[in-house]
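The values are calculated or read from the model by the stated rules, or taken from the named source; none is laboratory data. Because the structure is a prediction, the values reported are computed rather than measured. Ideal geometry is used to build each Cβ from the backbone, glycine not excepted, and the neighbour counts take in all protein chains shown. Keep in mind that these areas ignore ligands, DNA and RNA; they rest on the heavy atoms of the full protein, side chains included. Shrake-Rupley method; radii C 1.70, N 1.55, O 1.52, S 1.80 Å.
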Amino acid sequence: MNDSKEIIKAIADSLSVSVADIDRQANLREDLGLGSLELNDLLTYLSQKYEITFVPEDVASLQTVDDLVALVEDDLI
């Protein structure tokens with residue numbers, strides 16, 4: 001099973017930033033500056049990498065990097 005460090009590395013890879021630049025409490029939209037398109041690209045990348053499908057209702061409630069990590073982890077169980 002993948003751990004949160006691997007998921008954060010995947011997020012950093014998708015955003016082309018270093019893992020050190022990813023704060024788990026960072027707001028995806030405000031702190032990381034992800035618009036709808038960038039967030040969609042990130043979710044597509046993660047869904048392909050981990051072979052998971054995101055439920056639109058869960059995606060709509062995403063606020064922080066930690067929320068995204070938890071969502072990926074939940075889908076991997």
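Can you list residues from other chains, or at least 5 along the same chain, whose modelled amide H is less than 5 Å from the amide H of ASN27?
Answer set, sorted by chain and number: LEU32.
Carbon and sulfur: what percent of the chain's accessible surface (1.4 Å probe)?
C and S atoms contribute 47 percent here.
Which one, LEU15, LEU28, ALA70, projects farthest toward the positive side of the charge dipole computed for the chain from Cβ point charges (K/R +1, D/E -1)?
Selected residue: LEU15.
So for the chain, Kirkwood radius off the Cα pairs, Stokes-Einstein at 10 °C and 1.306 mPa s: how many µm² s⁻¹?
Stokes-Einstein gives a translational diffusion coefficient of 129 µm²/s.
Work out the length of the dipole vector of the chain about its Cα centre, built from +1 on the beta-carbon of each Lys and Arg and -1 on the beta-carbon of each Asp and Glu, and round it to the nearest 20 debye.
180
Counting only heavy atoms of protein chains, what accessible area per residue, in Å², does the chain have with a probe of 1.4 Å?
Value returned for the chain: 61 Å² of accessible area per residue.
I need to check one value: relative contact order of the chain, counting alpha carbon pairs closer than 8 Å and at least 6 residues apart, in percent.
Contact order relative to length: 41 percent.
What 222 nm value per residue comes from the helices of the chain, counting each DSSP H run with n ≥ 4 as -39,500 (n - 2.57) and dividing by all residues, nearest 500 deg cm²/dmol?
That calculation yields -17500 deg cm²/dmol at 222 nm.
Running a GNM on the chain with Cα contacts under 10 Å, which residue among ASP58, ASP13, ASP41 ends up with the highest mean-square fluctuation?
Of ASP58, ASP13, ASP41, the most mobile in the Gaussian network model is ASP58.
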